[in-house]
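Down below is the structure, laid out as structure tokens.
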Amino acid sequence: MSILIVGSTALDSIKTPKAENPRLLGGSASHAAVAASFFSPVKLVGVVGDDFPRRYVQLYKRHRIDLGGLQILRVKTFHWSGEYEANMNHRRTLLTELGVFETFTPTLPKSHQNSPFVLLANIAPSLQHHVLNQMRRPKFVVADTMDLWLNIALADLLKLLKRLDAFVLNDSEAHQLTTEDNVFSALKKIHKLGPKYVIIKKGSHGSILSGPRGFFICPAYPLHKVVDPTGAGDSFVGGFMGYLATARGGVEENIRRAMIYGSVVASFCCEGFGLKRTTRVTRANIDKRVRELERLTHF
Ligand code: AMP
């Protein structure tokens, strides 16, 4: 089954203590779409400017991503820049140039409105609503967010939570949303805001699912070297949705394994700048790491 993914399609300039890489292919939707493409057909909804390199369009195409919902405007592509400290859990945003995002209104082609799985990757909650309004009875809707929207668009985000099956956020965002220091108390409070499933990501410490059958503690794949964690969260949720969309059976039966697949795709993302490593991965590489995680967590 196909997945519709809306989110940012960006040029990312990333600095780490060891290297600097300007204008890489980035954005929440790009990372999520490539991650999901290992498992299921993907329809991307986003916007880029006329400065968007053709080789990045080719890269989407190599992953068989449907670009019928990608608008190209005569303005600059969204450009984001971030810098990491030696501890890669600490990042600072250096620059956000909205460009095409100042006027973007996603209008879905008819062929996109029936996608059973919808991933509202990180983008303004008003745009996430706008996409959802155009969908015809999707089977499973997931949204991701970031601290910026908790700061400047909380009312829209709270309305969105009531329309979701699952909500994915990181631990600092969960704290910001609920004021709870304890992650399990935060999960309880977030369920009360609407979603049946809540996933809190904890970076290199994995993630926690809370749903009707209780908790699931999902490990991160142990990496000895992290090159650039940008987009790891988006890769996680993309891999998660991609796996869910093709797995036989219902969501409840597959959601734990889907998190493991998401976690593995995110680990590849961290091993290269931007999408450089993820785009060289094969399904066999992914399955091998899933088996390793199975062995590591079995007792
Ligand atoms: P993550 O590392 O999971 O936080 O995701 C990083 C990605 O988010 C980068 O590829 C950025 O292009 C994208 N991004 C940064 N700021 C924004 C924003 N305000 N809206 C949407 N996407 C953003």
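Would you kindly derive the ³J(HN,Hα) couplings of the stretch 17-30 from the backbone phi angles with the Karplus curve 6.51 cos²θ - 1.76 cosθ + 1.60 (θ = phi - 60°), listing them in order in whole Hz, with x for Gly and Pro?
x, 9, 7, 9, 10, x, 6, 7, 5, x, x, 4, 6, 5
What is the sum of charges, Lys and Arg at +1 and Asp and Glu at -1, for the other residues whose Cβ falls under 14 Å from the Cβ of Leu187? List each step's numbers first, then the result.
Values: positive: Lys188, Lys189, Lys192, Lys196, Lys201, Lys202, Arg213; negative: Asp171, Glu173, Glu180, Asp181.
Net charge around Leu187: +3.
For a quick check: with amide H placed at 1.01 Å from N, whose amide H comes under 5 Å from Arg23's, ignoring anything fewer than 5 positions away on the same chain?
Asp12, Ser13, Ile14
So, taking all protein chains as they sit and a 1.4 Å probe, how much accessible area belongs to Ser210, in Å² rounded to tens?
10
So if I restrict to the alpha-carbon atoms in the stretch 143-198, what is the Rg, and what is Dmax, the biggest pairwise distance, in Å?
Cα only, the stretch 143-198: 10.1, 26 Å (Rg, Dmax).
How high is the relative contact order of the chain, given as a whole-number percent (alpha carbon pairs under 8 Å, six or more residues apart)? Please list the in-between numbers first.
Numbers: 653 pairs, mean separation 53.9, N = 299.
This gives 18 percent for the chain.
Could you work out the pair-distance distribution P(r) of the chain from its alpha-carbon pairs, with 10 angstrom bin width and percents rounded to whole numbers?
Calculated P(r), rounded to whole percents: 6, 31, 39, 21, 3, 0.
Amide H to amide H, which residues 5 or more places from Asn170 or on other chains are under 5 Å from it, using H placed in the peptide plane?
Residues meeting the criterion, in which the H sits 1.01 Å from N, are Lys201.
Which one of Ala166, Ala247, Ala35 has the biggest mean-square fluctuation once the chain is modelled by GNM with Cα springs under 10 Å?
Ala247
Summarise the accessible area of the chain (1.4 Å probe, protein heavy atoms) by the percent that is carbon and sulfur.
Numbers: 7050 of 13750 Å².
After summing per-atom areas, the C and S share lands at 51 percent.
Using the Kirkwood radius built from alpha carbon pairs, what does the Stokes-Einstein equation give as D for the stretch 83-152 at 20 °C and 1.002 mPa s, in µm² per second? Mind dumping the intermediate values first?
Numbers: Rh = 14.4 Å.
Diffusion coefficient, whole number: 149 µm²/s.
Cβ under 15 Å from Glu20's Cβ, Glu20 left aside: what net charge do those residues give with Lys, Arg +1 and Asp, Glu -1? Can you show the working numbers first?
Working: positive: Lys15, Lys18, Arg23, Arg91, Arg92, Lys276; negative: Asp12, Glu83, Glu85, Asp228.
My count for the surroundings of Glu20 gives +2.
Using the Cα centre of the chain as the reference point, and only Cβ charges (+1 on K/R, -1 on D/E), how large is the resulting charge dipole? Debye, rounded to the nearest 20.
Details: 39 positive and 25 negative charges, 200 e Å.
Charge dipole of the chain: 960 debye, to the nearest 20.
Over the stretch 61-148, average the accessible area per residue using a 1.4 Å probe and give it in Å², no decimals. If you can, show how the numbers build up before the last one.
On the way: 4710 Å² over 88 residues.
Dividing the accessible area of the stretch 61-148 by its residue count gives 54 Å².
In percent, what relative contact order does the stretch 119-171 have, based on Cα pairs under 8 Å that are 6 or more apart in sequence?
Values: 52 pairs, mean separation 23.4, N = 53.
It rounds to 44 percent for the stretch 119-171.
Which value, to two decimals, describes the C-alpha radius of gyration of the stretch 1-132 once divided by 2.2 N^0.38 Å?
It is 1.06.
Going by the alpha-carbon gyration tensor, a ≥ b ≥ c the square roots of its eigenvalues, is the stretch 65-196 rounded (a/c under 1.5) or, if a/c is not under 1.5, prolate (a/b greater than b/c) versus oblate? Don't jump to the answer; show the numbers that get you there.
Values: a/c = 2.12, a/b = 1.13, b/c = 1.87.
The shape class here is oblate.
Among Asn122, Leu108, Phe52, whose Cα projects farthest towards the positive end of the dipole of the stretch 49-164, with charges put on the beta-carbon of Lys, Arg (+1) and Asp, Glu (-1)?
Result: Leu108.
What relative contact order, as a whole-number percentage, does the stretch 201-299 give when Cα pairs under 8 Å and 6 or more residues apart are counted? Each step should come with its number before you reach the end.
Working: 133 pairs, mean separation 27.2, N = 99.
Once divided by the residue count of the stretch 201-299, the mean separation gives 28 percent.
Considering every pair of different Cα atoms, what Kirkwood radius, in Å, is found for the stretch 131-226? Don't skip to the answer; put the middle values down first.
Numbers: mean 1/r = 0.0709 Å⁻¹.
Here the Kirkwood hydrodynamic radius works out to 14.1 Å.
Using the Cα centre of the stretch 209-299 as the reference point, and only Cβ charges (+1 on K/R, -1 on D/E), how large is the resulting charge dipole? Debye, rounded to the nearest 20. Provide the component values of the computation, followed by the final result.
Values: 13 positive and 8 negative charges, 53 e Å.
It works out to roughly 260 debye.
Would you mind getting me the FRET efficiency between Arg55 and Lys189? Use the beta-carbon distance for r and R0 = 45 Å, nearest 0.05.
On the way: r = 44 Å, r/R0 = 0.99.
Efficiency computed from Cβ-Cβ geometry: 0.50.
The values are calculated or read from the model by the stated rules, or taken from the named source; none is laboratory data. Because the structure is predicted, anything quoted here is derived from the model rather than measured. All Cβ positions, even for glycine, are placed from backbone atoms using ideal geometry, and neighbour counts span all protein chains on display. Keep in mind that these areas ignore ligands, DNA and RNA; they rest on the heavy atoms of the full protein, side chains included. Shrake-Rupley method; radii C 1.70, N 1.55, O 1.52, S 1.80 Å.
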